[in-house]
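Everything below concerns the one structure shown next.
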Amino acid sequence: MESVLDAILSPLSITLDPGRRLFWLFLLSSLVLASITVAVQQRRFDLREQLRSLGNRRYWFNRSTATDGGLLFLNSLIRGSLLIPLLGSHLAGTILVGSWLQSQFGDAPSLNLAPVLIAITYTVVFFITEDFSRFALHTVMHKFPVLWHFHRTHHSATTLTPLTVHRVHPVEMALYYLRGLVVFSVISGSFVYLFRGQVSGVAILGVDCLGFLFNALGANLRHSHIFLSFGRLERWFISPAQHQIHHSSAVEHQDRNFGTCLAIWDRLLNSWTPAGKRRDFTFGLTEQARSEAIKNPALGPGFQEAYLQAKRS
């Protein structure tokens with residue numbers, strides 16, 4: 001009963017968790033970046049106008065944003081009361097992998113590396129593996145109709161706010177939790193095994209500097225209406241504007257920019273699109289976009305299946 005209550009109340013403390021994108025520092029840094037971006041684009045800084053836009057009731061109080069909040073609470077309840085008890089925590093997974101490696105291969109070879117070098121190596125390996133696994137799962141969620149059936153919940157948002165990152169179907173949330181659990185357990189457990197005595201499962205839980213930096217550099221603007229481009233750096237890093245293209249209902253933007261942080265995966269898959277010049281987007285799965293997409297068999301099943309589902313309903 002206590003675990004269920006904790007799961008229900010967990011969204012209330014989400015802004016205090018530095019491991020979550022809605023951590024107060026990440027929200028604050030995104031707010032500052034949004035203010036600078038708007039001022040540069042308008043070539044003037046108007047604090048009163050920016051505050052008025054930030055407090056726009058129609059932006060925060062609408063059906064789309066209410067759905068974001070509802071799914072945040074629902075998924076937190078499922079995650080805390082069902083997934084974690086069934087699948088285990090990240091620390092438990094780390095210990096399990098480390099113990100399995102020990103039982104299968106015995107003691108690891110002696111690798112005497114400086115703690116700083118271990119931390120840097122772990123951070124880079126984990127960041128790249130985590131980013132690729134997100135890209136891979138996100139891509140198949142678009143490419144296979146059975147998975148798109150769940151992922152389209154995220155793309156149905158017509159207003160993008162930082163809460164939209166939690167607008168996911170419970171099945172998709174479970175898949176991403178399992179993905180994260182596997183990646184973290186394998187990478188962390190391997191490092192605990194290789195550097196036993198130099199690093200512990202508890203200590204390694206806090207080493208994700210690159211992920212922290214990504215969230216601090218405006219990750220919340222990915223789900224917003226602030227067009228923040230990285231310019232030439234977009235060949236290497238996915239900007240908030242590029243992710244907004246991914247959410248755009250325009251047919252030419254369908255199945256573009258699947259990446260979270262790194263752009264290399266999209267470039268390899270030929271799904272990379274630069275932000276280009278600033279313009280306004282229409283978000284959500286509009287009937288026009290579905291209708292046009294279904295006529296083009298070269299497009300992925302995402303809009304096609306959504307269109308057929310719309311016709312059936």
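The values are calculated or read from the model by the stated rules, or taken from the named source; none is laboratory data. This one's a predicted model, so the numbers in the text were calculated from it and none came from an experiment. For neighbour counting, all protein chains shown are included, and Cβ atoms are generated from backbone atoms with ideal geometry for every residue, glycine included. The area values use the complete protein model at the heavy-atom level, side chains included, leaving out ligands, DNA and RNA. Shrake-Rupley method; radii C 1.70, N 1.55, O 1.52, S 1.80 Å.
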Determine whether R167 is open to solvent by less than 50 Å² (accessible area, probe 1.4 Å) and modelled with pLDDT under 95. no
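Residues are listed down the side, and each one gets a yes or a no for (1) at pLDDT below 90; (2) surrounded by fewer than 15 Cβ atoms within 10 Å (Cβ to Cβ); (3) basic (K, R):
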| site | (1), (2), (3) |
| --- | --- |
| F26 | no, no, no |
| L31 | no, no, no |
| V38 | no, no, no |
| G55 | no, yes, no |
| T67 | no, no, no |
| R79 | yes, no, yes |
| H90 | yes, no, no |
Give me the pairs, please: first residue somewhere in the range 22-45 and farther than 19 Å from V165 by Cα, second residue anywhere and of a type in the set (V, I, T), beta-carbon distance under 6 Å, and either six or more positions apart or on two chains. T37/I226
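With respect to T94, determine if the residue is open to solvent by less than 40 Å² (accessible area, probe 1.4 Å), of a type in the set (S, T, N, Q), closer than 25 Å to L262 by Cβ and in contact with a helix residue (DSSP H, G or I) (Cβ under 6 Å, 6 or more places away or on another chain). Please lay out each step first, then the result.
Values: open to solvent by less than 40 Å² (accessible area, probe 1.4 Å): yes; of a type in the set (S, T, N, Q): yes; closer than 25 Å to L262 by Cβ: yes; in contact with a helix residue (DSSP H, G or I) (Cβ under 6 Å, 6 or more places away or on another chain): yes.
Criteria met by T94.
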Of the conditions (1) touching a residue at least 40 places away in the same chain (Cβ under 8 Å); (2) farther than 15 Å from H225 by Cβ; (3) open to solvent by less than 80 Å² (accessible area, probe 1.4 Å), the single one that P85 does not satisfy is (3)
Take the range 153-164 and flag every residue that is open to solvent by 40 Å² or more (accessible area, probe 1.4 Å) and polar (S, T, N, Q). S156, T158
Taking F150 as meeting all but one of (1) surrounded by fewer than 19 Cβ atoms within 10 Å (Cβ to Cβ); (2) of a type in the set (A, V, I, L, M, F, W, C); (3) under 19 Å from Q242 (Cα atoms), write down the number of the exception. (3)
Taking the range 244-277 and keeping only residues that are open to solvent by 10 Å² or more (accessible area, probe 1.4 Å), in a helix (DSSP H, G or I) and either modelled with pLDDT of 95 or more or over 18 Å from S156 (Cα atoms) (or both), one is left with I264, W265, R267, L268, L269
Does L91 qualify as being over 23 Å from A241 (Cα atoms), of a type in the set (A, V, I, L, M) and either part of a helix (DSSP H, G or I) or in contact (Cβ under 8 Å) with a residue 40 or more places away in the chain (or both)? yes
Every pair of residues 6+ apart whose Cβ atoms lie under 8 Å, when the first sits in the range 206-225 and is farther than 25 Å from F283 by Cα and open to solvent by 40 Å² or more (accessible area, probe 1.4 Å) while the second is hydroxyl-bearing (S, T, Y) and outside any loop (DSSP other than H, G, I, E, B): D208/T123; C209/T123; L210/T123
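Would you confirm, using the coordinates I've provided, whether L194 is aliphatic (A, V, I, L, M) and modelled with pLDDT of 95 or more?
On the way: aliphatic (A, V, I, L, M): yes; modelled with pLDDT of 95 or more: no.
Criteria not met by L194.
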